[in-house]
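The values are calculated or read from the model by the stated rules, or taken from the named source; none is laboratory data. Predicted, not measured: the structure shown is a model, and the values here were computed from it. Ideal geometry is used to build each Cβ from the backbone, glycine not excepted, and the neighbour counts take in all protein chains shown. Accessible surface is based on the protein model in full, side chains and every heavy atom, while ligands, DNA and RNA are left aside. Shrake-Rupley method; radii C 1.70, N 1.55, O 1.52, S 1.80 Å.
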Amino acid sequence: MYSEANKEKKFTEQIEKWIMYFLYVLFGGLFFLISLQGSWSEAVILLPVAAFTIPLTKWGMRWQNERYIRSAQNQDDLKIVMAKLEEIEVRILKLEEK
C-alpha cells in the first residue's frame, strides 16, 4: 500500500477498535445491570438486540473503512500519474526546443 492508504488504514482500524470496545462495554454493562436486578425478562429483549447490533455495526464499519482506504489508494495513484505527466511534459518541452 501507499502512504495515504497506510495512514487511512491505521486511522480507520483505531476508530473501529474503539467503537467496538464501546459497544462491548455498553452491552456488557447492560447485561451486568440486568443480572444485578435479578429480572431476566429484559435480557430476553436485549440479547437479540446485541446479537444483531454488534455484527451489523462491525460489518458496516469495515465496509465504510474499505471505501476510505480505496479512496486513499486512488489519491496515491493520482500523485504517481501526475508525477509521470510532469516528466512527460518536461520531455515534450525539451523536444519542442530542438
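To the nearest 500 deg cm²/dmol, what mean residue ellipticity at 222 nm is calculated for the chain from DSSP H runs of n ≥ 4 alone, each contributing -39,500 (n - 2.57), summed and divided by the residues?
-35000 deg cm²/dmol
State, as an integer percentage, the relative contact order of the chain based on alpha-carbon contacts under 8 Å between residues 6 or more apart. Before the final figure, lay out the partial values.
Values: 32 pairs, mean separation 51.1, N = 98.
Result for the chain is 52 percent.
Which value, in nm² and rounded to one decimal, describes the direction-averaged projected area of the C-alpha convex hull of the chain?
If I average the Cα hull's projected area over directions, I get 7.2 nm².
Rounded to the nearest 0.05, what FRET efficiency do Gln14 and Val81 give with R0 = 25 Å and r taken as the Cβ-Cβ distance? Could you check?
0.25
Taking the chain as the reference, fit the longest principal axis to its C-alpha atoms, fit the long axis of helix 41-97 to the helix C-alpha atoms, and give the angle between the two in degrees, 0 to 90, nearest 10.
Helix 41-97 sits roughly 10 degrees off the main axis of the chain.
For region 18-98, with every protein chain kept in place, what is the accessible area per residue (1.4 Å probe, Å²)?
Roughly 81 Å² per residue, with all protein chains present.
To the nearest 10 degrees, how steep is helix 3-37 against the longest Cα principal axis of the chain, on a 0 to 90 scale?
10 degrees
From the residues Trp40, Thr57, Ile15, which one has its Cα farthest along the dipole of the chain in the positive direction, the dipole being from +1 and -1 charges on Cβ of Lys/Arg and Asp/Glu about the Cα centre?
Trp40
Can you pull the percent of the chain's accessible area that's carbon plus sulfur, 1.4 Å probe, other chains left in place?
For the chain, the apolar C and S fraction of the accessible surface comes to 66 percent.
Take the alpha carbon atoms of region 38-72, find their center, do the same for region 12-29, and report the distance between the two centers in whole angstrom.
10 Å
Would you mind calculating the gained length between Leu47 and Tyr68 on full extension (0.36 nm times residue separation, minus the Cα-Cα distance), in nm to one decimal?
Numbers: separation 21, 0.36 × 21 = 7.56 nm, distance 3.17 nm.
This chain segment gains 4.4 nm when fully extended.
In Å, what Kirkwood hydrodynamic radius results for region 17-57 from the alpha-carbon pair distances?
Evaluated on region 17-57, it is 10.6 Å.
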